[in-house]
Amino acid sequence: MVDMHVHLLSSEVGFRRFYDKLAIMFFARRLGANPRRLIKNSYEEYVNTLIKSVKTSKKIKKITLFGIDEKIDEEGKILHKDNTVCASNDDVSDIYKKYPDIIIPFFSINPLRKDALKLIDKYADEGFKGAKFMQNYWEIDTNDEKFIPYYEKLKEKNLPVIFHIGSESSLPSNKMYESLKMIELPLKLGLKVIAAHMALSYEPLKMARALKRNPKYYPKEYFTLIEMLKKYDNLYADISAILTPVRAKTLRHLSREKEIHHKLLYASDYPVPFSIMLNSYDLPFLKRLKFVFEKNPFDRYALVIGEYFPPESAIYTNYKKALSLGE
């Protein structure tokens with residue numbers, strides 16, 4: 001399988017944020033990392049752990065890897081750069097060159113950059129296979145027609161673009177730009193679009209409701225996305241971070257929506273932490289307990305997904321269509 005949604009962290013990462021410290025405290029070893037080395041040599045340990053985890057995985061043969069571009073204004077001035085998540089395209093390129101057998105590189109280029117089109121050409125020539133958008137972090141309206149040349153360039157290069165759709169907890173996020181409306185223009189232009197996270201959002205003040213498995217409590221955009229996947233040939237959706245509690249509740253329902261399985265992409269959102277035991281999916285206790293002992297984080301994720309999507313499911317091979325690799 002190919003994991004279609006994996007993050008490279010910034011080379012400046014220091015795990016100084018409260019969110020990061022919590023993640024390291026509770027999840028570092030579960031993600032295959034040594035907590036002490038992760039704090040002392042954060043970037044080096046992260047990359048080494050990531051590569052080792054992919055190479056030793058029994059389930060995953062390659063990963064789509066990307067960073068996140070900075071938030072800038074119309075003049076190109078940097079407004080915000082997260083020192084944990086904002087990894088550069090050049091760092092992705094360096095890792096790809098070292099491990100071309102397991103890395104599928106995607107770039108992240110804020111369309112407000114004045115040289116955005118030249119950068120697309122540059123990284124496409126280096127072998128990058130797609131783009132990653134965080135328009136909710138960048139606070140840009142992706143339906144603004146001034147971005148049409150950007151989209152047309154991606155289409156010309158036959159490069160898909162992953163849009164973050166749904167709630168975000170790792171970066172500052174403007175709710176206005178998290179919705180499915182953000183992919184309307186790219187879809188209309190014929191761009192190959194991947195809606196990440198199954199458009200699943202939640203409201204922190206309604207967490208009890210957000211964890212319920214009854215579909216009547218699911219976000220409306222989840223159902224909207226399902227209908228859009230049936231309508232648009234150029235639209236895909238990934239299941240990244242679906243093992244976080246607010247999203248895992250949908251797994252049984254999604255596994256039964258077979259009409260769209262040919263449009264779903266297997267993805268994890270590594271290194272976003274997830275829990276096997278304390279989660280909202282409907283697996284029995286003994287099954288959860290069994291999966292807890294799988295050391296490889298990619299395989300642990302795959303074992304749970306495998307309970308809902310059998311080996312013959314199209315979600316494990318749809319990456320070929322999304323990346324235009326043929327059948």
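Bear in mind these aren't lab numbers, they're just calculated from the coordinates by the rules spelled out. Everything numeric here is computed off the predicted structure, so don't read it as measured data. Neighbour counts are summed over all protein chains in view; Cβ atoms, including those assigned to glycine, are modelled from backbone coordinates with ideal geometry.
Which pairs break 32 Å Cα to Cα here: K55/K153; K55/K157; K71/K129; K40/K321; K146/K212; K118/K192? Don't skip to the end; give the middle numbers.
Numbers: K55/K153 34 Å; K55/K157 30 Å; K71/K129 23 Å; K40/K321 41 Å; K146/K212 41 Å; K118/K192 20 Å.
K55/K153; K40/K321; K146/K212, as the Cα separations exceed 32 Å there.
Using 0.36 nm per residue, how much length does the chain from T317 to S169 gain when fully extended, once their Cα-Cα distance is taken away?
Details: separation 148, 0.36 × 148 = 53.28 nm, distance 2.91 nm.
Gain in length upon complete extension: 50.4 nm.
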> V85's amide H: which non-local residues (gap 5+, or another chain) put their own amide H closer than 5 Å, with H modeled 1.01 Å from N in plane and none for Pro or chain starts?
Replying inline: S10
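Name the GluC sites (Glu not before Pro) in the range 54-99 that are in a loop by DSSP and that have at most 14 other C-beta atoms within 10 Å, would you?
On the way: sites: E70, E74, E75; in loops: E70, E74, E75.
Passing both the DSSP loop test and the Cβ count: E74, E75.
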> With labels modelled as points extended 7 Å from the Cα through the Cβ direction, what inter-label distance (nm, one decimal) is found for R36 paired with E257?
Replying inline: 4.6
>> What distance in nm separates the two pseudo spin-label positions at D94 and M277, each 7 Å out from Cα along the beta-carbon direction?
In response: 3.9
> Stretched out fully, how many nm does the piece from K77 to E184 gain, at 0.36 nm a residue minus the Cα gap?
Replying inline: 35.8 nm
> Which of the aspartates and glutamates could be linked to K231 by a straight reach, that is with a Cα gap under 14 Å, when you skip same-chain ones fewer than 8 residues away?
Replying inline: E184, E259
>> What distance in nm separates the two pseudo spin-label positions at K230 and R29, each 7 Å out from Cα along the beta-carbon direction?
In response: 4.7
> Taking the Cβ-Cβ separation of F285 and K220 as r and a Förster radius of 25 Å, what is the calculated FRET efficiency to the nearest 0.05?
Replying inline: 0.20
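Among the listed pairs K61/K320; K77/K98; K181/K263, which have their C-alpha atoms separated by more than 22 angstrom in this model?
Working: K61/K320 13 Å; K77/K98 32 Å; K181/K263 19 Å.
The answer is K77/K98.
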>> Mean-square fluctuation check for the chain, GNM, Cα pairs under 10 Å: which of L187, L159, L286 is largest?
In response: L286
> When the Karplus curve 6.51 cos²θ - 1.76 cosθ + 1.60 is applied with θ = phi - 60°, which whole-Hz ³J(HN,Hα) does each residue of the range 36-43 get, with x for Gly and Pro?
Replying inline: 5, 5, 5, 7, 6, 10, 4, 5
